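Everything on this sheet refers to the single structure shown next.
Here, each number is a calculation from the coordinates, and none is a lab measurement. Quick caveat, the model's predicted, so the values are computed rather than measured. We place every Cβ from the backbone using ideal geometry, glycine too, and count neighbours over all the protein chains shown.
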């Protein structure tokens, strides 16, 4: 009986280890809810800030948030000082470890991030120039359809609402996709094939774009 139980525990531990995917970075772990408490705190904090911005100004949200954090740190500092006086201990500053952390941004990382941002801006400007100046007729038509859809989206939601929806989607869609990857891939493949068929028919019906490509 003991051997069976040990084997069952070993198999169960192997099964649990197999179900837990490997870590792929702190941001990815947050999005995929690897640590429920940590992700819950981050997601809840973001939602509280965004919902506060929906009803208050940015200055008020920053002021109230900073005031709440400052009140908590002062209260904790006073509490620790009182406890040290009562217990006659020499623990020192309660936030000593945090104060000693190196929070300076490394110049190399800043330069790398700046280079990435600049290259992304340049590629975006080049792509917009290509679309607005109709280098490819089909791509410009698709871009126009996207802009037309955005006009309806802007009439339904404001920018902050879209940001809130984006945050909710960021913390929900990856986990849903991970749990239902096979079914979602099947439906996405069907939709993609239909879109490709429609676009091929559109390209065939537009002789202008075909002539430009042949030239």
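Annotations
- Convex hull projection area averaged over all views, the stretch 36-97, Cα basis, nm²: 5.8 nm²
- FRET efficiency, 1/(1 + (r/R0)^6) with R0 45 Å, evaluated for residue 111 and residue 70 via beta carbons: 0.85
- Annotation: Cα Rg of the stretch 31-141 relative to the compact-globule expectation 2.2 N^0.38 Å equals 1.81.
- Here r is the Cβ-Cβ distance between residue 183 and residue 153 and R0 is 35 Å; the resulting FRET efficiency, rounded to 0.05, is 0.85.
- Normalised by the number of residues in the stretch 77-215, the average gap of Cα pairs under 8 Å and 6 or more apart makes the relative contact order 18 percent.
- For 131, 70, the sequence from fewest to most other C-beta atoms within 10 Å is 70, 131.
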